[in-house]
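Below is one structure; the comments refer to it alone.
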Amino acid sequence: MLMNNPPLLPSCGANSRILSNLALFIIAAAAFTARGVDLTLTPLGTYATGVFEEGAAEIVAHDPETQRLFVINAQAATVDVLDISDPAAPTLSFTIDASPYGSVANSVAVRESLVAVAVEAEEKTDPGQAVFFDTDGNFLTSVTVGSLPDMVTFTPNGRQVLIANEGEPNDDYTVDPLGTVSIIDLSGGVANLSQANVAQVDFTAFNDITLPPGLRIFGPGATVAQDLEPEFIAVSHDSRKAWVTLQENNAIATIDIGSGAVTRLTVLGFKNHLLPGNGLDASDRDRAINITNWPVFGMYQPDAIASFRVQGQTYLITANEGDARDYDAFAEETTVARLKLDPTAFPDQTLTNNARLGRLTVTATLGDVDDDGDYDELYTFGGRSFSIWTPDGNLAFDSGEQLEQITAAFFPSNFNANNTSSAFDNRSDNKGPEPEGVVVGRCFGRQFAFIGLERIGGIAVYELTDPYAPRFVTYANNRDFAADPESPEAGDLGPEGLLFIPEEQSPIGEPLLVVGNEISGTTTIFQISRAP
């Protein structure tokens with residue numbers, strides 16, 4: 001069910017205040033239309049693996065020379081290579097087997113006929129591999145990188161490959177490897193690549209210094225260097241700097257690529273859900289769309305990050321998914337109902353009711369400010385938003401409650417549905433729409449952000465002409481909520497990896513957006529068109 005324009009108003013259980021807010025939001029978005037460029041997203045074609053909820057389509061990369069997509073298929077431990085010379089009928093050309101190099105491929109990137117694949121070890125706490133192929137799938141070489149390589153990218157100049165090595169602990173927290181970023185020097189060519197060309201950037205320099213206030217270091221017995229877990233990388237236009245999300249730590253690291261040094265740890269702080277425009281729907285048991293203000297702080301905890309430039313200035317955009325540590329030996333998740341709330345900080349103790357905040361997932365590691373055994377503050381996972389930051393960590397814009405307002409307007413009967421179920425309000429107590437992926441692309445003379453919503457699904461599009469006031473453009477969701485989620489008729493579920501293909505690299509001369517959907521195991525190609 002693809003929708004690029006919202007219905008007039010939601011109808012499923014929404015109270016008058018929410019109806020009013022939604023109406024005002026839609027009217028305001030429409031009022032800005034004349035100031036920018038509007039787009040539509042039209043699905044052209046889908047390649048379906050037929051594998052449900054096994055990560056059969058995750059990260060996507062494109063080679064314009066061969067018009068092939070390289071898609072991470074975690075279920076099969078392969079990279080599926082798709083021919084998209086006709087994007088309306090993508091077909092599987094061949095697969096690259098990652099199993100000889102480790103347990104599973106986690107990420108892929110392509111540049112100038114060179115394919116780089118991040119492969120984790122059989123034991124995830126052991127060092128992984130960066131494996132290089134040509135675009136016909138022929139093995140070229142491999143080098144050892146850090147533990148749990150989770151994301152790979154080329155620098156814009158093509159001289160380096162960067163890999164975010166998450167370095168997660170084992171389940172009993174007896175082994176906790178360093179979180180690192182591998183910088184692989186390709187200046188001598190891949191044929192001459194050796195382990196000497198790999199620099200491992202770690203955070204050991206921060207083990208014995210005063211840390212920025214608010215940095216989350218909380219793993220049992222972990223040093224700072226063990227606790228920081230690189231998730232995703234954005235690189236500056238001049239290939240000199242990298243910005244790395246540290247999701248669980250609610251921070252971003254800045255790396256000087258030339259020296260291989262971490263030059264800054266930026267703590268992202270917390271989002272106050274009591275402020276106007278920062279509401280959230282906090283309960284899956286109230287049988288209503290109830291996006292309102294609550295006495296809760298949100299940890300931004302971004303997953304994907306991208307950099308872009310406006311009028312010579314660099315900005316960072318993050319998808320604030322949120323993530324918790326959940327291991328056999330240590331689990332931080334709890335709910336408000338399970339906590340003892342300080343009666344002075346929370347005089348209204350009915351907040352713990354399930355129809356209010358009781359079901360909301362929060363961390364047990366923050367909030368007991370005076371260390372007396374009860375909670376003075378509440379901290380939930382993720383921002384349910386995307387944010388734009390300056391490179392020095394100042395917040396230029398946060399979308400506040402907009403993503404929940406938008407999805408409520410488009411799909412009121414399936415608001416905050418999960419990616420495995422169409423049930424109404426299912427994810428309100430736990431990260432809502434859960435924005436995970438973001439990519440920035442230029443088309444029709446403007447820059448746009450495409451934000452993937454992991455749970456309800458779909459892509460929200462914003463114009464970035466003014467980074468301090470990006471304009472909502474459209475929302476498209478190629479999902480049929482009436483169909484069985486495990487059936488092909490359900491469409492796309494759980495968007496994970498997003499890829500923008502500019503018109504000059506497109507097989508049809510029009511800009512495209514490619515989305516890998518981990519739950520439905522589908523890779524869908526959207527044509528991006530200028531709206532009439």
With under 30 Å from ASP176 (Cβ atoms), small (Gly, Ala, Ser) and touching a Pro at 6+ places or on another chain (Cβ under 9 Å) as the only criterion, which of ALA319, ALA364, ALA331, ALA324 stands out? ALA319
Please determine, by comparing only the residues of the stretch 207-237 that are over 19 Å from THR390 (Cα atoms) and among the hydroxyl-bearing types (Ser, Thr, Tyr), which one is surrounded by the fewest Cβ atoms within 10 Å (Cβ to Cβ). THR210
Strands (runs of 3 or more DSSP E) fully within the stretch 408-491 counting 2 or more residues that are within 19 Å of the chain's Cα centre (by Cα) and closer than 18 Å to ILE519 by Cα: 435-443, 446-453
Look through the stretch 360-394, keep the residues that are part of a loop (DSSP other than H, G, I, E, B) and in contact with a helix residue (DSSP H, G or I) (Cβ under 7 Å, 6 or more places away or on another chain), and return whichever of them is surrounded by the most Cβ atoms within 10 Å (Cβ to Cβ). ARG384
How many of the residues in the stretch 155-184 are surrounded by 24 or more Cβ atoms within 10 Å (Cβ to Cβ) and hydroxyl-bearing (Ser, Thr, Tyr)? 2
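Yes/no matrix, rows are residues, columns are (1) among the polar types (S, T, N, Q); (2) crowded, with 20+ Cβ neighbours inside 10 Å; (3) more than 15 Å from ASP202 (Cα to Cα):
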| position | (1), (2), (3) |
| --- | --- |
| SER239 | yes, no, yes |
| LEU246 | no, yes, no |
| ASP256 | no, no, no |
| THR263 | yes, no, no |
| VAL267 | no, no, yes |
| PRO276 | no, no, yes |
| GLY279 | no, yes, yes |
| ARG285 | no, no, yes |
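Filter the stretch 491-532 for residues that are in contact with a helix residue (DSSP H, G or I) (Cβ under 8 Å, 6 or more places away or on another chain) and surrounded by fewer than 23 Cβ atoms within 10 Å (Cβ to Cβ); which is farthest from LEU41 (Cα to Cα)?
GLY509
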Looking only at residues in the stretch 320-336 that are of a type in the set (Gly, Ala, Ser) and assigned to a loop (DSSP other than H, G, I, E, B), which one is nearest to PHE386 (Cα to Cα)? GLY322
Taking strands (runs of 3 or more DSSP E) that do not extend beyond the stretch 78-162, which have at least 1 residues that are over 22 Å from ASN197 (Cα atoms) and more than 24 Å from the chain's Cα centre (by Cα)? 78-83, 91-97
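Laboratory data are not the source of any read-out in this text; all were calculated from the coordinates shown. These figures come from a predicted structure and were not determined experimentally. All Cβ positions, even for glycine, are placed from backbone atoms using ideal geometry, and neighbour counts span all protein chains on display.
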